[in-house]
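Asker: One structure follows; several queries about it will come next.
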Amino acid sequence: MLEVRHLIEPTDFSTQELDDLFSLADHVIQDPKRYGSQCKGKILVTLFYEPSTRTRFSFEAAMMRLGGNILGFSDPDSSSVAKGESIPDTIRIVSGYADIAVMRHPIEGGPKAASLYSRIPVINAGDGGHQHPTQTLTDLYTIRAKKGRLDHLTIGICGDLKHGRTTHSLAMAMSRYPGNRYVLISPEELRMPSYILGELDRSGSATYRQVKTIEEAIGQLDILYMTRVQRERFSDPKEYERVKDACILTVEKMKAAPSDMIVLHPLPRVNEIEPEVDQDPRACYFQQAENGMYVRMALLMTLLDETGDFYKGKIVHVNRPMISVVETEICQNPKCITHYEAALRQRFVTLSNGTRLCDYCGAVLEKSKGEK
Ligand code: NCD
């Protein structure tokens with residue numbers, strides 16, 4: 001039996017494997033009929049514990065266009081979750097009904113927890129303010145299509161970098177390509193978390209600077225990646241009100257941008273891009289959303305090993321090595337799934353420099369007293 005492969009973090013696929021996936025998506029766009037029954041008889045289950053439009057619909061449309069079937073919930077209150085069912089039990093059950101699962105969860109590490117108990121591939125469709133790897137596949141595919149490469153680019157990432165999972169996954173994924181420079185644009189309160197900055201530092205090739213306004217960066221960018229301020233992740237509504245209008249892209253500001261810069265946005269938009277910007281040929285976010293469906297078709301085929309004659313490679317799960325189960329330590333991130341699901345064991349990954357990261361949410365484990 002083939003090993004079950006999951007997509008939990010954007011770096012679970014090597015850059016070569018991503019290239020293959022994107023070529024497959026190109027093929028699908030060129031000749032969609034050829035793929036119309038590629039996943040016939042297969043079932044996708046969508047487990048959405050949090051609202052979604054693009055991600056869930058694009059996965060469902062992707063499976064339908066491949067000739068497969070779908071089942072699932074978009075409101076956990078209508079499933080046994082409302083009765084208190086745990087993630088391990090839910091995924092064990094659906095492993096017997098479906099061939100592949102997509103999970104969105106409000107708590108960091110939820111899909112990772114599911115993957116540990118699953119007999120079918122689990123795809124992370126967003127876990128709290130942590131990661132959103134399939135949005136990143138869509139983003140990378142669009143950048144590759146528009147700019148012709150994924151390296152040596154200057155990328156402005158703007159908005160709620162603290163809570164915006166798409167910004168975390170994009171930053172991590174792009175740091176594996178040489179020569180990329182980031183300009184991280186946000187108010188002080190919404191800066192990129194230190195574990196992501198640590199990933200950029202560890203990449204050895206990415207460089208970044210942090211600024212507060214779009215104006216300080218826009219003239220030097222190849223890509224401007226806008227995001228909304230994530231209201232649902234604020235515990236204090238006053239704090240949200242204070243920062244919500246900090247970075248807004250306007251037609252006026254676009255005048256200072258290079259003529260070949262592209263504007264991306266994972267959507268939904270609130271007010272961070274003035275609607276008039278949509279008319280600008282550099283605005284690519286609606287095209288980006290459509291690309292998401294084709295990329296997800298390629299992803300479903302790849303994880304189900306149903307790529308047909310085209311794809312010769314094999315996706316290998318390259319999750320970070322050296323997992324240790326440490327029962328005496330607990331993850332210090334209060335938003336980590338290990339604080340919500342009693343049955344989960346603590347798992348930490350030890351990096352080559354000795355840093356230990358929670359395997360569910362990526363938080364760095366602080367050294368305990370007395371530890372050097
Ligand atoms: C994003 C998400 O859910 O994180 N949406 C999406 O999947 N395209 C972005 C967001 O909600 O701001």
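The values are calculated or read from the model by the stated rules, or taken from the named source; none is laboratory data. Here the structure is a predicted model, which means the values were calculated and not measured. Cβ placement follows ideal geometry from the backbone for every residue including glycine, while neighbour counts extend to all protein chains displayed.
Asker: Before we move on, is Arg165 at pLDDT 95 or above and touching a strand residue (DSSP E or B) at 6+ places or on another chain (Cβ under 6 Å)? Quick ask: steps written out before the conclusion?
Answerer: Values: at pLDDT 95 or above: yes; touching a strand residue (DSSP E or B) at 6+ places or on another chain (Cβ under 6 Å): yes.
In short, yes.
Asker: Can you name the residue in the range 253-265 that is touching a strand residue (DSSP E or B) at 6+ places or on another chain (Cβ under 8 Å) and either in a loop (DSSP other than H, G, I, E, B) or modelled with pLDDT under 95 (or both) and is also nearest to the ligand (Cβ to nearest atom) among such residues?
Answerer: Per the criteria, the residue is His265.
Asker: What is the number of the single condition among (1) within 16 Å of the ligand (Cβ to nearest atom); (2) in a helix (DSSP H, G or I) that Tyr225 does not meet?
Answerer: Single failed check for Tyr225: (2).
Asker: Separate question: Look at the range 266-278 and say how many of its residues are within 11 Å of the ligand (Cβ to nearest atom) and free of Cβ contacts under 8 Å to residues at least 60 places away in the same chain. Give the derivation first.
Answerer: Applying the first criterion (within 11 Å of the ligand (Cβ to nearest atom)) to the range 266-278 yields 266-270, 272.
Of the ones still in play, those that are also free of Cβ contacts under 8 Å to residues at least 60 places away in the same chain are 269-270.
The qualifying residues number 2.
Asker: Also: Quick check: anything in the range 155-162 more than 20 Å from Arg209 (Cβ to Cβ) and outside any loop (DSSP other than H, G, I, E, B)? Can you show your working first?
Answerer: Narrowing the range 155-162 to residues more than 20 Å from Arg209 (Cβ to Cβ): none.
Checked the range 155-162: no residue is more than 20 Å from Arg209 (Cβ to Cβ) and outside any loop (DSSP other than H, G, I, E, B).
Asker: Hey, does the range 21-40 have a residue that's within 16 Å of the ligand (Cβ to nearest atom) and crowded, with 22+ Cβ neighbours inside 10 Å? Don't jump to the end; show me each part of the working.
Answerer: Applying the first criterion (within 16 Å of the ligand (Cβ to nearest atom)) to the range 21-40 yields none.
Taking every residue of the range 21-40 in turn, none turns out to be within 16 Å of the ligand (Cβ to nearest atom) and crowded, with 22+ Cβ neighbours inside 10 Å.
Asker: Another question about this same structure. Return the pair list, or none, for Cβ contacts closer than 6 Å from residues in the range 120-149 that are on the phi > 0 side of the Ramachandran plot to residues that are near the ligand (Cβ under 10 Å from one of its atoms) and part of a loop (DSSP other than H, G, I, E, B), at least 6 apart or on different chains.
Answerer: Taking only residues 6 or more apart or on different chains, the pairs are Gly126/His132.
Asker: Residues that are under 25 Å from Lys33 (Cα atoms), away from the ligand (no atom under 12 Å from the Cβ) and in a strand (DSSP E or B): does the range 45-58 have at least one?
Answerer: yes
Asker: Could you tell me which of the residues Phe48, Phe73, Phe57 is farther than 14 Å from Met103 by Cβ and either without any contact (Cβ under 8 Å) to a residue 60 or more places away in the chain or not charged (D, E, K, R) (or both)?
Answerer: On the way: Phe48 fails: farther than 14 Å from Met103 by Cβ; Phe73 fails: farther than 14 Å from Met103 by Cβ.
The match here is Phe57.
Asker: Kindly indicate whether any position in the range 96-111 is in a loop (DSSP other than H, G, I, E, B), within 25 Å of Ser169 (Cβ to Cβ), touching a Leu at 6+ places or on another chain (Cβ under 9 Å) and small (Gly, Ala, Ser).
Answerer: Yes: the range 96-111 contains one or more residues that are in a loop (DSSP other than H, G, I, E, B), within 25 Å of Ser169 (Cβ to Cβ), touching a Leu at 6+ places or on another chain (Cβ under 9 Å) and small (Gly, Ala, Ser).
Asker: So which pairs qualify, if the first residue must be in the range 155-166 and among the hydroxyl-bearing types (Ser, Thr, Tyr), the second must be at pLDDT 95 or above and within 8 Å of the ligand (Cβ to nearest atom), the Cβ gap must be under 6 Å, and the two must be at least 6 apart or on different chains?
Answerer: From residues that are among the hydroxyl-bearing types (Ser, Thr, Tyr), the pairs are Thr166/His132; Thr166/Gln135; Thr166/Pro266.
Asker: Filtering the range 229-252 down to residues that are within 19 Å of Gly129 (Cα to Cα) and of a type in the set (S, T, N, Q), which residue is nearest to the ligand (Cβ to nearest atom)?
Answerer: Top of the filtered list is Gln230.
Asker: Pro106 is checked against (1) more than 15 Å from the ligand (Cβ to nearest atom); (2) surrounded by fewer than 24 Cβ atoms within 10 Å (Cβ to Cβ) and fails just one. What number does that condition carry?
Answerer: (1)
Asker: Would it be correct to say that Arg119 is in a strand (DSSP E or B) and closer than 30 Å to Ala343 by Cα? Give the steps one after another, and end with the answer.
Answerer: Numbers: in a strand (DSSP E or B): no; closer than 30 Å to Ala343 by Cα: yes.
Criteria not met by Arg119.
Asker: Filter the range 342-362 down to the residues that are part of a loop (DSSP other than H, G, I, E, B) and surrounded by fewer than 18 Cβ atoms within 10 Å (Cβ to Cβ) and list them by number.
Answerer: Restricting attention to the range 342-362, the residues satisfying the condition of being part of a loop (DSSP other than H, G, I, E, B) are 342-346, 351-355, 359-362.
Residues satisfying the conditions are Ala342, Ala343, Arg345, Leu351, Ser352, Asn353, Gly354, Thr355.
Asker: For the range 123-151, name all the residues that are in a helix (DSSP H, G or I), within 16 Å of Met172 (Cα to Cα) and hydrophobic (A, V, I, L, M, F, W, C).
Answerer: Selection gives Leu137, Leu140, Ile143.
Asker: Quick check on the range 34-44. Is at least one of its residues over 29 Å from Leu200 (Cα atoms), at pLDDT 90 or above and in contact with a strand residue (DSSP E or B) (Cβ under 6 Å, 6 or more places away or on another chain)? Don't jump to the end; show me each part of the working.
Answerer: Narrowing the range 34-44 to residues over 29 Å from Leu200 (Cα atoms): 34-44.
Checking which are at pLDDT 90 or above leaves us with 34-44.
Now narrow it down to the ones that are in contact with a strand residue (DSSP E or B) (Cβ under 6 Å, 6 or more places away or on another chain): 43-44.
Yes, there is a match, as at least one residue in the range 34-44 is over 29 Å from Leu200 (Cα atoms), at pLDDT 90 or above and in contact with a strand residue (DSSP E or B) (Cβ under 6 Å, 6 or more places away or on another chain).
Asker: I'd like the full set of residues that are β-branched (Val, Ile, Thr) and modelled with pLDDT under 90, limited to the range 332-360. Steps first, please.
Answerer: Here is the first cut: in the range 332-360, the ones β-branched (Val, Ile, Thr) are 337-338, 349-350, 355.
If the condition is that a residue be β-branched (Val, Ile, Thr) and modelled with pLDDT under 90, then Val349, Thr350, Thr355 are the ones that fit.
Asker: Additional query: Please pick out the residue among Thr90, Thr53 that is among the hydroxyl-bearing types (Ser, Thr, Tyr) and either within 20 Å of the chain's Cα centre (by Cα) or surrounded by 24 or more Cβ atoms within 10 Å (Cβ to Cβ) (or both). I'd like the intermediate steps shown before the answer.
Answerer: Details: Thr90 fails: either within 20 Å of the chain's Cα centre (by Cα) or surrounded by 24 or more Cβ atoms within 10 Å (Cβ to Cβ) (or both).
Of the residues listed, the single one that is among the hydroxyl-bearing types (Ser, Thr, Tyr) and either within 20 Å of the chain's Cα centre (by Cα) or surrounded by 24 or more Cβ atoms within 10 Å (Cβ to Cβ) (or both) is Thr53.
Asker: Can you tell me which residue in the range 157-174 is farthest from the ligand (Cβ to nearest atom), limited to those that are within 21 Å of Gly219 (Cα to Cα) and among the β-branched types (Val, Ile, Thr)?
Answerer: Ile157
Asker: Kindly provide the set of residues from the range 279-307 that are closer than 16 Å to Arg144 by Cα, away from the ligand (no atom under 16 Å from the Cβ) and in contact (Cβ under 8 Å) with a residue 60 or more places away in the chain, ordered by number.
Answerer: Ala298
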